[in-house]
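The values are calculated or read from the model by the stated rules, or taken from the named source; none is laboratory data. Quantities reported herein were computed from a predicted structural model and do not represent experimental measurements. A quick note on method: Cβ atoms are made from the backbone with ideal geometry, for glycine too, and the neighbour counts reach across all protein chains shown. For accessibility, only protein heavy atoms count, side chains too; no ligands or nucleic acids. Shrake-Rupley method; radii C 1.70, N 1.55, O 1.52, S 1.80 Å.
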Amino acid sequence: MSNGSSPHPVPDHDGLRPRRPRGGTLAIAAAAVVPACFAGWLAWQAMSGPGGDGPPKTLPSPSGSPAGQDSKASESPAGTGDATQAGRGSSPAPSSASSASADEPGGAPGRGPLSGRTIVIDPGHNPGNFKHGAEIGELVDIGTNRKECDTTGTATNAGYREAEFTLDVARRIRTLLKEQGATVVLTQDGDRAWGPCIDERARIGNEKKADAVVSVHADGSAAGNRGFHVILPAEVKSGAADTSAIVGPSRDLGERIAGRFVRATGTAPSNYVGKGTGLVVRDDLGGLNLSTVPKVFVECGNMRDAKDAALLTDAKWRQKAAQGIADGIAGHLGG
């Protein structure tokens, strides 16, 4: 892992770290299963009609950490951080109130089906993080252990950074949700030099009493690993982390986003995590562990795969991705 200024940063962020598939047999089995799973998704979407909000609620409950290796080597396990950092408190001074951006250029939220709802969109990382290795390397408490404040994120092989992607998609989602009357808060809007830290990202949603929070990301797994996945919070109760109240509503939010993402983008769920469902449960992400409101992460695709990278760098596809996420949020909130 590196937080330096390389034009191709090591793929890393809030613990999203798939391990390489274990053995040829598993890889062959996965290759056979995924097309069938995706075909099932598309058939369900067709049968659900325009009003469908996501995959059937009978989807299997994925568990455990994602598989794959070359991806998101970010948050250090407990005890692996620099000893000089381990005692350094929580995220630094900027308060969530001052760092969160609630207003899109162009005015206040309008009237619509989401009027009165507050939604927080969390663009993963920050384009300036790679210049602030010391700051983002500070360890913060995520309840279960201590992890880096933030990371640089990944990039395509051509140098398009994840942090640029996430900010662009987050702004597009904001526009779509505000058109439906929602109050939309971004955890950062290119208005700060680095961060915010992962604990502050969670705190922004909590303090806003958000009806839903979505953290936007792109993965950095091995070439050949393709597709999106939505990360749901596991039930965690340790230290400051207690997700017991949000596991259920977060799953509903994630399922609806996954279903609408397929419909809007035409892309398949991940072929390397989630067993074809597009859903993964994690207990090691500070942004989820510390949330007290419904929250999910969306990995929109794999930046290190050439085919996925071609989508992620296409502005028209990014608009489709934003539409899928916004539609899933609206479906969760009854909009």
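Whether any residue in the stretch 182-191 is modelled with pLDDT of 95 or more, in contact with a Gly (Cβ under 7 Å, 6 or more places away or on another chain) and farther than 19 Å from Val293 by Cβ is what I want to check.
no
How many residues does the stretch 174-189 hold that are open to solvent by 10 Å² or more (accessible area, probe 1.4 Å), in contact with an Asp or Glu (Cβ under 9 Å, 6 or more places away or on another chain) and either part of a loop (DSSP other than H, G, I, E, B) or free of Cβ contacts under 8 Å to residues at least 40 places away in the same chain (or both)?
Counting residues in the stretch 174-189 that are open to solvent by 10 Å² or more (accessible area, probe 1.4 Å), in contact with an Asp or Glu (Cβ under 9 Å, 6 or more places away or on another chain) and either part of a loop (DSSP other than H, G, I, E, B) or free of Cβ contacts under 8 Å to residues at least 40 places away in the same chain (or both) gives 1.
So, in the stretch 278-307, how many residues would count as being surrounded by fewer than 23 Cβ atoms within 10 Å (Cβ to Cβ), of a type in the set (Val, Ile, Thr) and under 16 Å from the mean Cα position of the chain (by Cα)?
So the answer is 2.
One line per residue, one yes/no per condition, for (1) over 15 Å from Ile119 (Cα atoms); (2) of a type in the set (D, E, K, R); (3) touching a helix residue (DSSP H, G or I) at 6+ places or on another chain (Cβ under 9 Å); (4) surrounded by fewer than 19 Cβ atoms within 10 Å (Cβ to Cβ):
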site	(1), (2), (3), (4)
Arg172	no, yes, yes, no
Ile198	yes, no, yes, no
Asp211	no, yes, yes, no
Val214	no, no, yes, no
Gly220	yes, no, yes, no
Arg251	yes, yes, no, no
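Identify all residues within the stretch 150-173 that are among the small types (Gly, Ala, Ser) and part of a loop (DSSP other than H, G, I, E, B); write none if there are none. Break it down into steps so the answer makes sense when it comes.
Looking only at the stretch 150-173, we keep the residues that are among the small types (Gly, Ala, Ser), and these are 153, 155, 158-159, 163, 170.
If the condition is that a residue be among the small types (Gly, Ala, Ser) and part of a loop (DSSP other than H, G, I, E, B), then Gly153, Ala158, Gly159 are the ones that fit.
Only one of Ala310, Ala264 is in contact (Cβ under 8 Å) with a residue 60 or more places away in the chain, under 15 Å from Phe228 (Cβ atoms), open to solvent by 10 Å² or more (accessible area, probe 1.4 Å) and among the aliphatic types (A, V, I, L, M); which?
Numbers: Ala310 fails: in contact (Cβ under 8 Å) with a residue 60 or more places away in the chain.
Every option except Ala264 fails the conditions.
Might you check whether a residue that is surrounded by fewer than 21 Cβ atoms within 10 Å (Cβ to Cβ) and either under 13 Å from the mean Cα position of the chain (by Cα) or modelled with pLDDT under 95 (or both) occurs anywhere in the stretch 328-335?
Yes.
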